[in-house]
Amino acid sequence: MNPWFAIAGTIVLTVVGQLLQKRVALRFGAAERGSALSFYLRASDFWLALLCLAGAMALWLVALASFEVSKAYALLGINYLLVPLAAIWLFGERLSARGWLGALLVCAGVFLIGRS
């Protein structure tokens, strides 16, 4: 498997997993009934999130076989931009100017490390 595909897949599955977790948490907050654990165990999005995160871990192991961990881990920093962008679009969240600056600085670091 192409190691860049493994990194990209790890990023995509991690982002999707995080967003699914947020969706389940929002649904629990809206429901406000019973225990969180029993609610989550019955939520299909919870299980889909776990599946995405397990897939991300498997691809991560493939990536680590080809990349130095310091480079591979730094490339995951793109999640700091993708998750907030998706949260703005999907959940109507807002990001402060300081948050945007931080996300862009992380992306600049990812770019620099990716070129090394």
- Item | the range 43-116: trypsin sites (Lys or Arg not before Pro) in DSSP loop, at most 10 other beta carbons within 10 Å | 94
- Once you've got the GNM for the chain with C-alpha springs shorter than 10 Å, pick whichever of 76, 101, 50 has the biggest mean-square fluctuation. 101
- Item | Fluctuation leader among 70, 44, 35 - the chain, Gaussian network, Cα springs under 10 angstrom | 35
- In nm, give the distance between the simple-model label positions of residue 8 and residue 107, each being 7 Å from the Cα along the Cα-to-Cβ direction. 1.8
- Message: Cut-off 10 angstrom, C-alpha nodes, Gaussian network model of the chain. Which of 17, 102, 55 fluctuates the most?
- Response: 102
- Note on the structure: Net charge (Lys, Arg +1; Asp, Glu -1) of residues whose beta-carbon lies under 15 Å from that of residue 113, residue 113 excluded, is +1
- Query: Once the dipole of the chain is set up with Lys and Arg at +1 and Asp and Glu at -1 on Cβ about the Cα centre, which of 17, 56, 102 lies farthest towards its positive end?
  - Reply: 102
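Taken together, the values in this text are just the output of simple stated rules run on the coordinates, not laboratory data. None of the values given here were measured: they were computed from a predicted structure. Cβ atoms come from the backbone with ideal geometry, glycine included; neighbour counts cover every protein chain shown.
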